[in-house]
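What follows is a set of notes on a single structure, which appears directly below.
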Amino acid sequence: MEKQKDVLILAIESSCDETAAAVVKNGRSVLSNVISSQIDLHKLYGGVVPEIASRKHIEKINQVIEEALKEADTTLDDLDAIAVTYGPGLVGALLVGVAEAKAISFAKNLPLVGVHHIEGHISANYIENLDLEPPFLCLVVSGGHTHLVVVKDYGEFEILGRTRDDAAGEAFDKVARAIGLGYPGGPKIDKLSKQGNAYAMDFPKAKVADAPYDFSFSGVKSAVLNHLNKCKMMGEPVVEADIAASFQRCVVEVLVEHAIAAARDYHISKLAIAGGVASNQTLRNAMEQACEKNGIQFYHPSPIFCTDNAAMIGVAGYYEYIKGTRHGWDLNAVPNLKLGER
């Protein structure tokens, strides 16, 4: 039997403040994964400034792609397709990646595959877990999204639950800012909470009536802000480590409880996590223990594939490509693109 030709995809990701490019072979093998982060730049402002992000992407995108091709020992002539994130995200940032992908696609007459950013995060689990195949349940937790998704097949999803207000990562950032830790909040709270008592405060864990798998994090965030104001007014000491640990415990417990409940209710034996907050050590440990207790197989990407990167876009792009997904020159950035939309 003749060996099938390898499929090489160049992937571009620029949805927020990381300019990234990767070369992925056959959907599972990452030949290169280059990320240019802007965190130090946005730290000065306490969060991502869209205009600055877009300008930085323009500056960096060509060199990031060149580096990814060089690292993979590949040229544009070896490629089978170009995959690019076209939503959701910051519109200006997305446009830089989309324009670049269209230019290369046009110049080299290569198929263009637009990829949903969340589908990319979910697909990050395929990189190191070669045995993982749909169907499985995935908890996507990032700065802009908190979704509980049944992955029915490659590129086919059913959303069971989503946040009604703040995303988990957004709540982390806001609480970190309130207690003076700065940006990015997630890693800083995770680190500080190791020195604190997670049961020092009993912050609320919201339940959404009639939607058992939906999330709400604005209540716990407000409770932290109220606690800080109360301490200030009463002249009581603020124990940042205890606040960070107690807040993190509440968020992690809700995420784990909802995910495990959905896995049991839907009789799904495989559970994965994805997105920036999926690199949170406390969440990973709690989810691992809960899965073990309930006889569920637990999957997670390495931290480098949890935060925004192009390798995950290349993986998602591969499965879309072999399914026949193609986009034309009218492909545009869609900042509020819903999962499952084309």
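The values are calculated or read from the model by the stated rules, or taken from the named source; none is laboratory data. Bear in mind that the values here come from a model prediction, so they are computed numbers and not experimental data. Backbone-built Cβ (ideal geometry, glycine too); neighbour counts: all protein chains shown.
Tell me yes or no: at least one residue of region 215-222 is in a helix (DSSP H, G or I) and under 18 Å from L192 (Cβ atoms). Don't jump to the end; show me each part of the working.
We begin by selecting, within region 215-222, every residue in a helix (DSSP H, G or I); these are 218-222.
Cutting the leftovers down to under 18 Å from L192 (Cβ atoms) gives us 220-221.
Yes: region 215-222 contains one or more residues that are in a helix (DSSP H, G or I) and under 18 Å from L192 (Cβ atoms).
Can you tell which of V277, V254, V238 is surrounded by fewer than 21 Cβ atoms within 10 Å (Cβ to Cβ) and part of a helix (DSSP H, G or I)? Write out each step before concluding.
Numbers: V277 fails: surrounded by fewer than 21 Cβ atoms within 10 Å (Cβ to Cβ); V238 fails: part of a helix (DSSP H, G or I).
When all the criteria are applied, what remains is V254.
May I ask you to verify whether D214 is in contact with a strand residue (DSSP E or B) (Cβ under 8 Å, 6 or more places away or on another chain) and more than 30 Å from Y318 (Cα to Cα)? Explain how you work it out, then say what you get.
Working: in contact with a strand residue (DSSP E or B) (Cβ under 8 Å, 6 or more places away or on another chain): yes; more than 30 Å from Y318 (Cα to Cα): yes.
So D214 fits the description; yes.
Scan region 201-217 and give yes if some residue there is surrounded by fewer than 23 Cβ atoms within 10 Å (Cβ to Cβ), touching a Cys at 6+ places or on another chain (Cβ under 7 Å) and either under 30 Å from S269 (Cβ atoms) or not hydrophobic (A, V, I, L, M, F, W, C) (or both), otherwise no.
Taking region 201-217 as the starting set, the residues that turn out to be surrounded by fewer than 23 Cβ atoms within 10 Å (Cβ to Cβ) are 201-214, 216.
Adding the requirement that they be touching a Cys at 6+ places or on another chain (Cβ under 7 Å) leaves 203, 205.
Retained after the next criterion (residues that are either under 30 Å from S269 (Cβ atoms) or not hydrophobic (A, V, I, L, M, F, W, C) (or both)): 205.
Yes, region 201-217 contains a residue that is surrounded by fewer than 23 Cβ atoms within 10 Å (Cβ to Cβ), touching a Cys at 6+ places or on another chain (Cβ under 7 Å) and either under 30 Å from S269 (Cβ atoms) or not hydrophobic (A, V, I, L, M, F, W, C) (or both).
If only one of H121, H116 is under 20 Å from D330 (Cβ atoms) and either among the small types (G, A, S) or in contact with a strand residue (DSSP E or B) (Cβ under 7 Å, 6 or more places away or on another chain) (or both), which one is it?
Values: H121 fails: under 20 Å from D330 (Cβ atoms).
The unique qualifying residue is H116.
Report yes if some residue within region 140-150 is surrounded by fewer than 23 Cβ atoms within 10 Å (Cβ to Cβ), more than 30 Å from G182 (Cβ to Cβ) and modelled with pLDDT of 95 or more; otherwise report no.
yes
Could you list, ordered by first residue, the pairs with Cβ atoms under 7 Å in which the first is in region 56-78 and more than 23 Å from N109 (Cβ to Cβ) and the second is assigned to a loop (DSSP other than H, G, I, E, B) and of a type in the set (S, T, Y), at least 6 apart or interchain?
H57/S14
Filter region 151-182 for residues that are among the basic types (K, R) and either in contact with a His (Cβ under 8 Å, 6 or more places away or on another chain) or not in a loop (DSSP other than H, G, I, E, B) (or both); which is modelled with the highest pLDDT?
Initial filter on region 151-182 (among the basic types (K, R)): 152, 162, 164, 174, 177.
This time we only want the ones that are either in contact with a His (Cβ under 8 Å, 6 or more places away or on another chain) or not in a loop (DSSP other than H, G, I, E, B) (or both), so: 152, 162, 174, 177.
Working: K152: 95, R162: 91, K174: 90, R177: 89.
Residue satisfying both the conditions and the ranking: K152.
Within the group R264, R249, which residue is under 20 Å from K205 (Cα atoms) and assigned to a helix (DSSP H, G or I)?
On the way: R264 fails: under 20 Å from K205 (Cα atoms).
Of the residues listed, the single one that is under 20 Å from K205 (Cα atoms) and assigned to a helix (DSSP H, G or I) is R249.
Take region 287-311 and flag every residue that is outside any helix (DSSP H, G or I) and closer than 22 Å to G120 by Cα.
Within region 287-311, the first condition is being outside any helix (DSSP H, G or I), and the residues that meet it are 294-302, 307-310.
Listed by number, the residues that qualify are Q297, F298, Y299, H300, P301, S302, T307, D308, N309, A310.
Test G161 against the criterion of being buried (at least 18 other Cβ atoms within 10 Å of the Cβ) and in contact (Cβ under 8 Å) with a residue 12 or more places away in the chain, and give yes or no. Don't jump to the end; show me each part of the working.
On the way: buried (at least 18 other Cβ atoms within 10 Å of the Cβ): yes; in contact (Cβ under 8 Å) with a residue 12 or more places away in the chain: yes.
Here the answer is yes, as G161 does meet what is asked.
Counting only residues that are crowded, with 20+ Cβ neighbours inside 10 Å and either over 21 Å from R55 (Cα atoms) or within 14 Å of the chain's Cα centre (by Cα) (or both), how many does region 91-121 have?
Here the count works out to 11.
Within region 280-312, can you find the residues that are crowded, with 20+ Cβ neighbours inside 10 Å and under 11 Å from the mean Cα position of the chain (by Cα)?
P301, F305, C306, T307, D308, N309, M312
Every residue, every condition in (1) within 24 Å of K338 (Cβ to Cβ); (2) in contact with a Ser or Thr (Cβ under 7 Å, 6 or more places away or on another chain); (3) not polar (S, T, N, Q), yes or no:
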site	(1), (2), (3)
I159	yes, no, yes
D166	yes, yes, yes
G185	no, no, yes
L192	no, no, yes
N197	no, no, no
A206	yes, yes, yes
M233	no, no, yes
E236	no, no, yes
V252	no, yes, yes
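Inspect all residues belonging to region 282-301 and state whether any of them is charged (D, E, K, R), closer than 27 Å to I179 by Cβ and without any contact (Cβ under 8 Å) to a residue 40 or more places away in the chain.
Step one: filter region 282-301 for residues charged (D, E, K, R), giving 284, 288, 292-293.
Those left that are additionally closer than 27 Å to I179 by Cβ: 284.
Still in the running and without any contact (Cβ under 8 Å) to a residue 40 or more places away in the chain: 284.
For region 282-301, residues charged (D, E, K, R), closer than 27 Å to I179 by Cβ and without any contact (Cβ under 8 Å) to a residue 40 or more places away in the chain: present.
From (1) in contact with a Gly (Cβ under 9 Å, 6 or more places away or on another chain); (2) without any contact (Cβ under 8 Å) to a residue 40 or more places away in the chain, pick out the condition that doesn't hold for P204.
Of (1) in contact with a Gly (Cβ under 9 Å, 6 or more places away or on another chain); (2) without any contact (Cβ under 8 Å) to a residue 40 or more places away in the chain, only one is false for P204: (2).
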